[in-house]
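Scroll down for the structure; my scribbles are underneath it.
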Amino acid sequence: MTGPTTARALGAPCWLSLAARDLGAAERFYGAVLGWTFRPGELGTGSAYLVGERDGTPVAGIAALAAELALPVAWTVFFAVEDADAAVARIRERGGTVGVGPVAYPPQGRAALATDRDGAAFGVWEGRLVSRWHVGERGAPAWVELHTRDAFDAAVFYGGVLRWAEGGPEGCETSYEEDRVVLRRAGTAVARLDGGPVEAASPRPQLRPRWLVRFRVADLAASVAAVTEHGGTVVPDGEWGGARKPEEDRVVVRDPEGALFTLEAD
């Protein structure tokens, strides 16, 4: 990852990453569905890693997942922290579970993977950030939202872990809107926490608490068609598992290896 960490980024989403079993197949799928181009990225020594870009702007990274690891393929939202060890300690103190790390990725930084109290997976990142990367509800190539049992309870957890209340004028702030919590940085919405019906033990991942990644596309119908043409599937409306009925300009899909994400019209 490139670009220095700044105080304004701390506590906010800072990167999206997918660990795929077949890196070449993932490149072809996401290139066809999202119109991305790819370039080699940096992720430590000897790691196969691609950075997907839209119109020259970095959107997400795709890494090769070792075939022998019995891990689900899923999109992960990373949040910027000043100290990964301290963030991991705060996760544990607040009832979350740390699955991996912190792991060093020299010279870029250090990362850890964890789940919150309801089982939604996320990551923390200490180090250099990808320049020009951003998320937002409008005008950005991607958006992230947490589907969880209780948005306010989740905001307490993440606020403590990521120090949302301690960011000062250059940090993050939250606002409460009905059963939603909106995270803003410098006045711009960068994430949302949605409360609603979820099933932590459901065999279907779309019904579990999770961070869902939404990617914007120029032609929604064409992108949905490309999903099925390239081995992915569309999640039926009755099974999408969100806190609300999905809007007409959004479609929840799975890639060929099962990773959930949402397509949204520009």
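The single condition among (1) surrounded by fewer than 16 Cβ atoms within 10 Å (Cβ to Cβ); (2) touching a Cys at 6+ places or on another chain (Cβ under 9 Å) that Trp125 does not meet is (1).
The residues on offer are Ala84, Ala142, and the sole one that is over 13 Å from the mean Cα position of the chain (by Cα) and surrounded by 15 or more Cβ atoms within 10 Å (Cβ to Cβ) is Ala84. Of the numbered criteria (1) over 17 Å from the mean Cα position of the chain (by Cα); (2) modelled with pLDDT of 95 or more; (3) of a type outside the set (Ser, Thr, Tyr); (4) surrounded by 15 or more Cβ atoms within 10 Å (Cβ to Cβ), the one Phe215 fails is (1). Those strands (runs of 3 or more DSSP E) of the range 146-207 in which at least 1 residues are modelled with pLDDT of 75 or more, among the small types (Gly, Ala, Ser) and touching a helix residue (DSSP H, G or I) at 6+ places or on another chain (Cβ under 7 Å), considering only elements entirely within it, cover 188-195.
With the requirement that a residue be surrounded by 20 or more Cβ atoms within 10 Å (Cβ to Cβ), assigned to a strand (DSSP E or B) and touching a residue at least 40 places away in the same chain (Cβ under 8 Å), what does the range 110-122 give you? Across the range 110-122, the qualifying residue is only Phe122. Checked against (1) in a loop (DSSP other than H, G, I, E, B); (2) surrounded by fewer than 21 Cβ atoms within 10 Å (Cβ to Cβ); (3) not polar (S, T, N, Q), Trp133 meets all criteria but (2).
The values are calculated or read from the model by the stated rules, or taken from the named source; none is laboratory data. As the structure is a computational prediction, the values presented were derived from the model and not from experiment. Counting neighbours? That spans all protein chains shown, and the Cβs are built from the backbone with ideal geometry, glycine included.
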